[in-house]
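K.L.:
Input: one structure, supplied below.
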Amino acid sequence: MIGMISYLAFFATMAGILAIVVLGLNLQWGYTGLFNGGVVAFFGAGAYGTMLLGGRPELGQFGGYEWPFVFALAGGVVLAALIAWIVGMLTLRLRHDYLAIATFGVAVAFESVTRNAEWLTGGAKGLRGFPRPLEAAIGNNFAYGLFFLGMVLVVLGAVYWGLQRLVHSPYGRALRAIREDETAARSLGKNPARLRLQSFVIGSAIMGVAGGLYVAFYAFVSPQDLAPILTFQVWAMLIVGGAGNNRGAVLGAFLIWGAWTASGFALSKFAPQAMQLYTGSIQYILIGTVIVGMLLWRPQGLLPERIVTRFTKTAAKAGPTSKGAI
Amino acid sequence: MIQSIVDGILTGAIISLGAIGLTMVMHMLRFANFAYAELLAIGAYAALVFDALFAGLLPVLDTAFKPLTLTAALALATIIAMVITGASAVVIDWLVFKRIRAKADALSMVFASFGVALIVRNVLTLIFGHKAQLYSNDIAFAVVLSRDPLLLIKPDQVFVLVAALALMGLFHLVLTRTTFGYALRAVAENPALAQVSGVRLSAMITAVWMIGGGLSAAAGVFYALTNHLSPVLGHNFLLPVFAATIVGGIGSVHGAVLGGFIVGIASGLALMVLPSGYAPAMPFVIILAVLLVRPHGLFGEDHS
Amino acid sequence: MSAVLTVSALEAGYVRDLPILRQVNVSVEHASLTVIIGPNGAGKSTLIKAIAGLVPVSAGRVVLDGADITGIRPDQMGALGLAYVPQTDNIFRHLSIRENLALVLRRVEDRAARLDELYALFPPLAGKHKDRAGSLSGGQRQMLAVAMALATRPRVVLMDEPSAGLSPKIAAEVLDLARSLTGQGVTVLLVEQNVKQALRVADHCYILAEGRNQLDGPAAAILSDPLVGEIYLGGKRVGAA
Ligand SMILES: Nc1ncnc2c1ncn2[C@@H]1O[C@H](COP(=O)(O)OP(=O)(O)O)[C@@H](O)[C@H]1O
Ligand SMILES: [Mg+2]
């Protein structure tokens, strides 16, 4: 019984952390129409940043300042935001593809650094030794698991609440206006480039929060934790839940994480021995299929956006491109 | 130094071949296609299959053109792989991109392309396994061109460079000497006017996928011939080909060719000072540099 | 006299459920020059684009020589004997002049001979046939755009403000050229902002405003209509769209 509850708490903690990431992505993609191809890098920046500042010192290793968790987390979030700001500055005024490519590049570069800069990131073996917040005070493992879940849910709730406030404010309406029609938004006196940059940085910072929680949960981080598939999982969560709907984002996170865990379990249990090396590939194909399938058949997700329905752009009908329309 | 530049030129030629189709597709269909580089892997594996098939059916074809490890079987297989890969690109477009194009925005296309890439890569993994493979188990001996500075080159590499340049030259002739080429350039510049001028857009889109797929397949085979073949081949080329298109300017074929060489050589040189583990990140650094200095690339126009 | 091109009760627009054109009717007689005038944003370009199949039509019909061509694919226009000179971006700047023309003549058997004819018709283009079209002057660009439209010997030509941005002298030449086409049996539908000059060369005139027909009649009658004179010919040239 305790084992069961303990497992459920573990599952819900992970799903909750991922839900925070999905909320960050929803601000970028769902509300502002920004593509983030490197979710894992911003999550990772939060994770490594928190670890470096809050972790225990190790010989020959940078970081390990044992800052109190809240401050370490803040540092990780700042790192994630900083990377987002740099990438955003360089790309957000350009065609949307540049942001997609640059963020994808950030993820690749981030992985390179985590794998190779041993003095900084511990290389492939990663960084371990993180004083988990209040662990000593609570002591009991089972109770701590529940406590941590509670903490994650509180943060999730806070992020959700904050984002709801944000997107229903005039600011949120301005973001959506830019997403729908940049020219019109500009003519209303909005500065699209600045609003986009802000949205992108805030969304990435939220992903950084999730990364910090992740590190505190495992007291360990390595490049393995930041596999590129994380980006795809988070997208699948958002598109299944419904881009532009924060409740959908949270729902999608729990659903997809459940499906992912269950499929992993089923494959490891029932797939023949010879296939065991390839269960990952099968799961990846499933995620890819979920993404493509949703886009083809239910692009609005399970819980569609309610405030404004996107109208299909004229360009779609008039031809594949609108440039040079005569 | 010289060795790095020579190696960079070789990789650059392969990147260029891959980037030509990507820059056209990105420009014409207005989305960053993250599934594009998987065409290199599809092509390389298609050639592997047909190479084995031809070698099995007609053993005479299975002798290498010394000093290359290339066999007649592989040469034939490559041509078939180019057609198959072009056709795969068209089929993927019909199944996924065309349908999304009809009802959603460009962002959904980018998104879908990531999903397609994930599916293609892992289906290849399931079929062919994780392991790296080679077309030929013959050992390719490098020729010492110079001892000081040391410069080694394999005959296969020379062949790949020549063949890649020949393919690019051929495509250049098509673009500049045939009305089909004019039509391709016209659609790239102004699709609506091209239509008015009698060019059927859907036919051009199909043609671009066929050409891009064919060139990518050649690039994949060339890489596998001089290195090895694995399911992550496409993924490893993704950032380099994007970097080449951005350096050259999205939509510019000549820019993509030049961009490919620049990315190849710059990466080669950078790795003289950086550990090789950073190789995958080099194209990203180049992209950032271009965005900082000249966001629309060498030959690109303002498409913001 | 019979109508070659008729547009009846046409509704068209760029976004679904948001028609720009409402119930537009236009009828163009064989070998005549018909001009469409109207204020900026009236929907003149939209009307031409809708005829050419570049803007989706939600209601109404476009009939060419008795055949319904509503919502054709733009690339099929040439085969139907219809040609279109867009208002802006009407040449391929990155292609040479010869390549621009050869592209339009892609399906023509005797391309070289037709190219020579076109060069004879437009001598300034002949001398520069290898230059990039983007390097041409404004008047020469317009000349190339017209040459591209005429290359396939269309029966009906749609021109969207061909004189916009040109010096008065060259603008007059362009309008004279349009007029001379009718002498060769070509039917011309012209959108113009140079209202006075256009009315002098035109046979018939339609006035469009806010996507609807306002008035139409023989060009001479419109030219002398005091009301029209006050609204459209008052010396104030409405800025080019
Ligand atoms: N590509 C487009 N997308 C959406 N609306 C457009 C587009 N082009 C023109 N419009 C709108 O259609 C209306 C008519 O424009 P247009 O036909 O170009 O006018 P005109 O040529 O008479 O000046 C205007 O309100 C304009 O804003
Ligand atoms: Mg107009």
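K.L.:
Scan the stretch C:1-33 residue by residue and report those that are among the aliphatic types (A, V, I, L, M) and under 12 Å from C:Arg212 (Cα atoms).
P.N.:
If the condition is that a residue be among the aliphatic types (A, V, I, L, M) and under 12 Å from C:Arg212 (Cα atoms), then C:Ala9, C:Leu10, C:Ala12, C:Ile20, C:Leu21, C:Val24, C:Val26 are the ones that fit.
K.L.:
Answer with yes or no whether B:Asn190 is at pLDDT below 95 and more than 14 Å from every other protein chain (Cβ to nearest Cβ).
P.N.:
no
K.L.:
Can you work out which of the residues in the stretch C:81-97 that are over 19 Å from B:Thr178 (Cβ atoms) and open to solvent by 20 Å² or more (accessible area, probe 1.4 Å) is nearest to ligand 1 (Cβ to nearest atom)?
P.N.:
Within the stretch C:81-97, the match that is nearest to ligand 1 (Cβ to nearest atom) is C:Gln87.
K.L.:
Residues that are crowded, with 17+ Cβ neighbours inside 10 Å and polar (S, T, N, Q): does the stretch B:188-196 have at least one?
P.N.:
yes
K.L.:
So C:Leu21 passes all but one of these: (1) over 17 Å from the mean Cα position of the chain (by Cα); (2) more than 8 Å from every other protein chain (Cβ to nearest Cβ); (3) within 16 Å of ligand 2 (Cβ to nearest atom); (4) open to solvent by 20 Å² or more (accessible area, probe 1.4 Å). Which condition number does it fail?
P.N.:
C:Leu21 satisfies every listed condition except (4).
K.L.:
Within the stretch C:61-78, track down each residue that is of a type in the set (Gly, Ala, Ser) and under 19 Å from C:Ala31 (Cα atoms).
P.N.:
C:Gly66, C:Ala67, C:Gly78
K.L.:
Among the residues of the stretch C:33-71 satisfying the criterion of being away from chain A (no Cβ under 14 Å), open to solvent by less than 40 Å² (accessible area, probe 1.4 Å) and assigned to a loop (DSSP other than H, G, I, E, B), which is farthest from C:Glu192 (Cα to Cα)?
P.N.:
Here the residue is C:Ile69.
K.L.:
With respect to C:Gly78, determine if the residue is on the phi > 0 side of the Ramachandran plot, modelled with pLDDT under 95 and either away from chain A (no Cβ under 14 Å) or surrounded by fewer than 19 Cβ atoms within 10 Å (Cβ to Cβ) (or both).
P.N.:
Criteria not met by C:Gly78.
K.L.:
Which of the residues belonging to the stretch A:262-317 are surrounded by 14 or more Cβ atoms within 10 Å (Cβ to Cβ), in a loop (DSSP other than H, G, I, E, B) and at pLDDT 85 or above?
P.N.:
Residues satisfying the conditions are A:Ala271, A:Pro299, A:Gln300, A:Gly301, A:Leu302, A:Leu303, A:Pro304.
K.L.:
Does the stretch C:165-215 hold any residues that are of a type in the set (Asp, Glu) and touching a residue at least 60 places away in the same chain (Cβ under 8 Å), and which are they?
P.N.:
C:Glu192, C:Asp203, C:Glu210 - these are the residues of the stretch C:165-215 that are of a type in the set (Asp, Glu) and touching a residue at least 60 places away in the same chain (Cβ under 8 Å).
K.L.:
Now, a different point. Report, ordered by the first and then the second residue, all pairs with beta carbons closer than 9 Å, sequence separation of six or more or different chains, a first member in the stretch C:80-97 that is farther than 22 Å from C:Gly43 by Cα, and a second member that is outside any loop (DSSP other than H, G, I, E, B) and within 16 Å of ligand 1 (Cβ to nearest atom).
P.N.:
Qualifying pairs under 9 Å: C:Ile91/B:Leu193; C:Phe92/B:Leu193.
K.L.:
Which pairs have Cβ atoms under 6 Å, sit 6 or more apart or on different chains, and link a residue in the stretch B:236-249 that is at the interface with chain A (Cβ under 9 Å from one of its Cβ atoms) to one that is not in a helix (DSSP H, G or I)?
P.N.:
B:Leu238/B:Ala37; B:Ile246/B:Gly297
K.L.:
If you don't mind, there's one more thing I want to ask. Only one of B:Lys103, B:Lys154 is of a type in the set (Lys, Arg) and more than 10 Å from chain A (Cβ to nearest Cβ); which?
P.N.:
It is B:Lys154.
K.L.:
Only one residue in B:Val143, B:Val162, B:Val120, B:Val158 is under 30 Å from B:Pro231 (Cα atoms), open to solvent by 20 Å² or more (accessible area, probe 1.4 Å) and touching a Pro at 6+ places or on another chain (Cβ under 8 Å), so which one is that?
P.N.:
After applying the criteria, what remains is B:Val143.
K.L.:
Run down A:Gly129, A:Gly145 and say which single residue is open to solvent by 10 Å² or more (accessible area, probe 1.4 Å) and modelled with pLDDT under 90.
P.N.:
Going through A:Gly129, A:Gly145 in turn, just one is open to solvent by 10 Å² or more (accessible area, probe 1.4 Å) and modelled with pLDDT under 90: A:Gly129.
Conditions (1) open to solvent by 20 Å² or more (accessible area, probe 1.4 Å); (2) touching a helix residue (DSSP H, G or I) at 6+ places or on another chain (Cβ under 7 Å); (3) of a type outside the set (Asp, Glu); (4) not in a helix (DSSP H, G or I), marked per residue:
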residue: B:Ile246; (1), (2), (3), (4): no, yes, yes, no
residue: B:Gly251; (1), (2), (3), (4): yes, yes, yes, yes
residue: B:Ala256; (1), (2), (3), (4): no, yes, yes, no
residue: B:Gly259; (1), (2), (3), (4): no, yes, yes, no
residue: B:Gly264; (1), (2), (3), (4): no, yes, yes, no
residue: B:Tyr278; (1), (2), (3), (4): yes, yes, yes, no
residue: B:Pro283; (1), (2), (3), (4): no, yes, yes, no
residue: B:Val290; (1), (2), (3), (4): yes, yes, yes, no
residue: B:Pro295; (1), (2), (3), (4): yes, no, yes, yes
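K.L.:
Looking at the stretch A:189-198, is at least one residue open to solvent by 10 Å² or more (accessible area, probe 1.4 Å) and on the phi > 0 side of the Ramachandran plot?
P.N.:
Scanning the stretch A:189-198 turns up at least one residue that is open to solvent by 10 Å² or more (accessible area, probe 1.4 Å) and on the phi > 0 side of the Ramachandran plot.
K.L.:
What helices (runs of 4 or more DSSP H) completely inside the stretch B:94-212 contain at least 1 residues that are within 30 Å of C:Leu103 (Cα to Cα), among the β-branched types (Val, Ile, Thr) and free of Cβ contacts under 8 Å to residues at least 24 places away in the same chain?
P.N.:
Filter on the stretch B:94-212 gives B:155-177, B:179-189, B:191-196.
K.L.:
So is A:Val78 of a type in the set (Val, Ile, Thr), surrounded by fewer than 24 Cβ atoms within 10 Å (Cβ to Cβ), in a helix (DSSP H, G or I) and more than 8 Å from every other protein chain (Cβ to nearest Cβ) or not?
P.N.:
Yes: the conditions hold for A:Val78.
K.L.:
Quick one: which residue in C:Leu47, C:Leu5 is under 28 Å from C:Ala198 (Cβ atoms), within 14 Å of the chain's Cα centre (by Cα) and within 16 Å of ligand 2 (Cβ to nearest atom)?
P.N.:
Only one candidate qualifies: C:Leu47.
K.L.:
Would you call A:Leu226 within 16 Å of the chain's Cα centre (by Cα), touching a residue at least 40 places away in the same chain (Cβ under 8 Å) and either within 12 Å of chain B (Cβ to nearest Cβ) or surrounded by fewer than 24 Cβ atoms within 10 Å (Cβ to Cβ) (or both)?
P.N.:
No.
The values are calculated or read from the model by the stated rules, or taken from the named source; none is laboratory data. All figures in this text were calculated on a predicted structure; none of them were measured in a lab. For neighbour counting, all protein chains shown are included, and Cβ atoms are generated from backbone atoms with ideal geometry for every residue, glycine included. With ligands, DNA and RNA removed, areas are computed over all heavy atoms of the protein, side chains included. Shrake-Rupley method; radii C 1.70, N 1.55, O 1.52, S 1.80 Å.
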